[in-house]
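Visitor: Mind having a look at this structure? Questions to follow.
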Amino acid sequence: MSVDETAARYDFGVSEDGPDRGTLVIPVSDPASWRVEGENPSPHLADVVLGKAVTLLRRTGRWPENASVYTG
């Protein structure tokens, strides 16, 4: 995860080397215009991480270091 003045970025995926790995990019000025980067990233997984990150942002006023979600 990284954050700068333009965007927060989170790596996501089911496993470290799985085909659904990607990077969620959330623009600081407009979180609703998020996008994913990667070869075959899963938009659903990115959306779940987005929800967690934005919820924690609203609670604390800052982007979380980690927006992990376990659904198993």
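Computed from the coordinates by the stated procedures, all read-outs in this text should not be read as laboratory data. Everything numeric here is computed off the predicted structure, so don't read it as measured data. So basically every Cβ, Gly included, is an ideal-geometry build from the backbone, and we count neighbours across all protein chains shown.
Visitor: At a Förster distance of 22 Å, what's the computed FRET efficiency of D47 paired with D17, Cβ-Cβ distance as r, to 0.05?
Guide: Once rounded, the FRET efficiency stands at 0.50.
Visitor: About its Cα centre, how strong a charge dipole does the chain have in debye, to the nearest 20, once Lys and Arg get +1 and Asp and Glu get -1 at the Cβ?
Guide: It comes to approximately 400 debye.
Visitor: Just to be sure I understand: with springs between alpha-carbon atoms less than 10 Å apart, which residue in R59, R35, R21 has the highest mean-square fluctuation in the Gaussian network model of the chain?
Guide: R59
Visitor: If you line up the long axis of helix 43-60 against the longest principal axis of the chain, both from Cα atoms, how many degrees apart are they, to the nearest 10?
Guide: Value to nearest ten degrees: 30.
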